[in-house]
Structure formats: C-alpha cells, structure tokens
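The values are calculated or read from the model by the stated rules, or taken from the named source; none is laboratory data. Only a predicted model underlies this, so the values are computations on that prediction, with no experimental measurement involved. Methodologically, a virtual Cβ is constructed for each residue, glycine included, from the backbone with ideal geometry; neighbour enumeration extends over all protein chains shown. Quick note on the areas: whole protein, heavy atoms, side chains included, nothing else; ligands and nucleic acids left out. Shrake-Rupley method; radii C 1.70, N 1.55, O 1.52, S 1.80 Å.
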Amino acid sequence: MYSTREPAELERVLLVRAYIGNESEEAGTTDEMIALIQSAGGSVVAQESQKRKTPDPRLFIGKGKAEELREIALRENTSTIVFDHNLSSGQVSRLEEATNCKVIDRTELILAIFAEQARTREAKIQIELAQLQYALPRLSGMWHHFSRLGAGIGTRGPGETQLEIDRRRARSRITFLENRIEEVESRWKVVSAGRKGMFNITIVGYTNAGKSTLLNTLCSTELYTADKPFATLDTTSRRLILPDNSKVLISDTVGFIERLPETLVASFHTTLDVVRKADLLLVTVDRSSPSRGRHIDAVRKTLKRIGVNESVPRLTVWTKCDAVDDFRYPGSGVAVSALSKFGLDVLLNRIIGYRDISLDWFELMLEHYDSTIMNWLYSNCLVRDVTTGEDGSVRVFAGALRGYDSVEGRIDGADTARSFVRLAGPGNSVCGIVK
Ligand SMILES: Nc1nc2c(ncn2[C@@H]2O[C@H](COP(=O)(O)OP(=O)(O)O)[C@@H](O)[C@H]2O)c(=O)[nH]1
Ligand SMILES: [Mg+2]
C-alpha cells in the first residue's frame, strides 16, 4: 500500500522499540513505524520491544536483548534492524557487532525516505546536506556498514558514494551544498518579496493529513498526493480565489512527524520559511485517524521548534470527515472533506474573516475618478466598495495589504485626494483622521 516496489524486492526488517521509564506503547505509533519502513522500501517481518529504566549507554537496549535480536534476525532471515529511537554512532556500531545486522535508527530511516521522495533540485540539495551532516560524525562506522551490506534502506543518496569519500571530502561537499542553499535562499527572497502584497496562507499538519489534497481541491490543481508519509517535500504556492472574488496565496509544504530529525529541520530551513512567514496557518488534522491527539501535539511542538511566532493566527481544519462514522461537529475549527467537498464553503468564509481583520481598512475620498490612483489601489489593496457622488467625487472603501503607510505614501501630494480616514476594521468605525 505504501511502497511502489514489488513485495519480493522489499527489505525484510526487524523493528525494535524500547519503552523507557514509564513509557508505554501509544496507539498508532507502531503502525506509523511500519508505514515509514514501507515507504523506505522495507517490510516489517518481526517486532521486538523492551522495557527499561534508562537506555543502556553502550547498546541502548540490554546485552541479553541484543543477543536475542541476533537469533530472531537469523530465524526470520533478515539482516536489517530498525530502531524507533535516535541512537549514537557508537551504539549503532556496537549493535551491529552484537546482532550481525545493519542497524538503522529513526533519523536515518526518515532521511532515507526523504532521499527517496526528493524530486526537485532544492529538495535534493536539502536532503543530501541533511544526510551528510548526519553521516559525518559516523563516517568510520558507516564505512564498515556499507561495505558489508551493499544496497538497501539508507544507502540511497550520499550513501552510495560514502565508500570512497573521506571526512574531508564530505566536509567540502557540505560547504558546496550550503552555498547552493544560500543561492536558493536568495532566489526565495525575491519570491517572498512578491508575496508581501498578498495574504499568505500556509497549510501545515502531520504527514498524510491531507494537506496537498486540500490545496488541490481548493485551487483545482493537481499536486502529487499519496497515502504514504512525506509524499511532499517542497513548497508549492497557488492563488486561491475567495467567494468575494479576492485572491489570496495558499501554500502546501512538507508534513511534520513526531521527533522530526534535527538535521532535517536545519536543512529544510528555506522550505519552512513559508510557515514562519504566513499570515494564517491552516493546521490540518486527519479527523479519521485514531492518533489525531498525538498528531496535534507533534504539530504544535514542531511549529515551536521551527520558530513560528505564537502570534500567527492558526485555524484548525479537521480533514477526511467523510471517513468518520460517528462524526460530531468539533468545538473549534472547521470540519471538511476534500473528497466530498463538505465544509469547504465554511472554510473559505473563515479565511475571508482572518484576511479581513489582518488588513488596514480605510476610506479615501477623491475629487474625481483618478485612474492612476485607482489602478494602484486595485493592485495594492482590497477594494471593497467604490461610490461616485453627484459632484463626481469618489469614495473608496478598502483594506491596505501593505499597511497604512503604503497608501499614505501613494496619495501624499496627489491633487485628487480629498481625505483619508483610517478605520478600525472592515466594519467602518473611524479610528483616526490622517489627512
Ligand atoms: N477519505 C478521504 N481521504 C482523503 C481526503 N483528503 C486526502 N485523503 C487521502 O489521504 C492521503 C494523504 O493525502 P495527501 O494530500 O497526500 O496528504 P499530505 O501528506 O498531508 O499532503 C491520500 O491517500 C488522500 O487520498 C479526504 O477528504 N477524504
Ligand atoms: Mg503532501
């Protein structure tokens, strides 16, 4: 279901999880790991867990357990063990020694999926950088790791060339990639300057929440969607026409996951800029997933980790409501189904509400219809109403997209401008007279 490879090609995997202290298995976490492993081209043939007070500094799990894993791997005919934890390089090599298997930790697994999914140049640069930075302190361990086992999960991307590169070459490749990312960033700055005049919405959420499908349905586009983690690694922005005929920009980006690797957060800094710079975040939550509580928590933590300001408005969008039997209207947020189109009108109207309160509303009186000023207003403001008086004077009711200063600067010295009044909001109440 998650992988496009034939089952025979899937790498047989033994999945290991340790529960530390009073941790216990949370609903959905094992299914998620199975889905991640399938996305990376593996198939879980056996699972093991261990309860421990603290992780063992040498092996993470106990020595006895490691020996047991070696036997299970032999019996199940697998030579790959995936840990649902982040391990130190020392732990990985000692575990490989003890189990005679290739050992992959959570970060390496997620990096492998990203490498597999990367399509654009930007995504490929960012993922290669993340993989190299992760591999650098582990290079000695990896030499033996790759030379012994050849192809498989985690060997795509820089892994293939790891054999012949030494640390120095890895470092110079990192510098090269960092420079490329800077180039991408400067190009992005131009793009984001263009976004300033528009209300920017970014769809965020757990991986597989239905973000790309929502954007496709709203904008009638055909972005790639799939029932697998991390189908999207890039940011795509589209114009969305609202029911009042105004336009906003809406962006879809990479999904989040619990314990998103640090190296990915750092490398995908540019991609994630669209989240930090948004005027409104649509926080999608798969209403049909039994793990939705955990997902909400992971998304909240990730937004904090990537430095999203608390002041950016967030609207919860409950997705896939068609797939829920006992559906009750949620207390807050909007319930939608991209499939049946249920709730999309409510969502669009809520977006209008958020957009409207973000604008600087004003009333401008012109001596007569001044087409130069009017054209400027139409491209820099949301013009809601234009009325012409008996004397030919024109009253414009609009919201500034780039602040009052931009409008005041434009009409300053213009002969036709008779008065300019700042309003408290789209509701017309005056908050100060400027001109
Ligand atoms: N039943 C149902 N499935 C949906 C809906 N929206 C998305 N999906 C499915 O959920 C999976 C993930 O969707 P996608 O948009 O790729 O998720 P993303 O990772 O958040 O971008 C796909 O298999 C979609 O077909 C919906 O409204 N209803
Ligand atoms: Mg997507």
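Filtered by the rule that a residue be modelled with pLDDT under 85 and more than 11 Å from ligand 1 (Cβ to nearest atom), segment 219-234 gives Thr221, Glu222, Asp234. Checking Thr302, Thr235, Thr270 one by one, the residue that is touching an Asp or Glu at 6+ places or on another chain (Cβ under 8 Å) and surrounded by 21 or more Cβ atoms within 10 Å (Cβ to Cβ) is Thr235 and no other. For segment 51-90, taking the residues that are of a type in the set (D, E, K, R) and touching a strand residue (DSSP E or B) at 6+ places or on another chain (Cβ under 6 Å), the one that is nearest to Thr29 (Cα to Cα) is identified as Asp84.
Is it the case, given these coordinates, that Val285 is touching a His at 6+ places or on another chain (Cβ under 7 Å) and closer than 23 Å to Lys228 by Cα?
yes
Among (1) within 16 Å of ligand 1 (Cβ to nearest atom); (2) under 11 Å from the mean Cα position of the chain (by Cα), where does Asp326 come up short? Going through (1) within 16 Å of ligand 1 (Cβ to nearest atom); (2) under 11 Å from the mean Cα position of the chain (by Cα) one by one, Asp326 breaks only (2). Looking only at residues of segment 4-63 that are of a type in the set (A, V, I, L, M, F, W, C) and touching a Gly at 6+ places or on another chain (Cβ under 7 Å), we find that the one that is surrounded by the most Cβ atoms within 10 Å (Cβ to Cβ) is Val13.
So which residues in segment 26-43 are under 11 Å from Lys228 (Cβ atoms) and not in a helix (DSSP H, G or I), if there are any at all?
Of everything in segment 26-43, just one residue is under 11 Å from Lys228 (Cβ atoms) and not in a helix (DSSP H, G or I), namely Ala40.
Out of Asp227, Asp244, one residue alone is surrounded by fewer than 22 Cβ atoms within 10 Å (Cβ to Cβ), acidic (Asp, Glu) and away from ligand 2 (no atom under 14 Å from the Cβ). It is Asp244. Of all the listed residues (Val265, Val285), the sole one being open to solvent by less than 60 Å² (accessible area, probe 1.4 Å) and either closer than 30 Å to Leu377 by Cα or within 15 Å of ligand 1 (Cβ to nearest atom) (or both) is Val285.
Checked against the criterion of being within 11 Å of ligand 1 (Cβ to nearest atom) and part of a helix (DSSP H, G or I), the candidates Asn216, Asn208 yield just one match: Asn216. Here Thr175 meets each of (1) within 23 Å of the chain's Cα centre (by Cα); (2) farther than 30 Å from Thr284 by Cα; (3) modelled with pLDDT of 90 or more with one exception, condition (1). The criterion of at least 1 residues that are open to solvent by 40 Å² or more (accessible area, probe 1.4 Å) and in the same structural domain as Gly210 (by TED's automatic domain parsing) is met, among helices (runs of 4 or more DSSP H) falling completely within segment 334-420, by 344-358.
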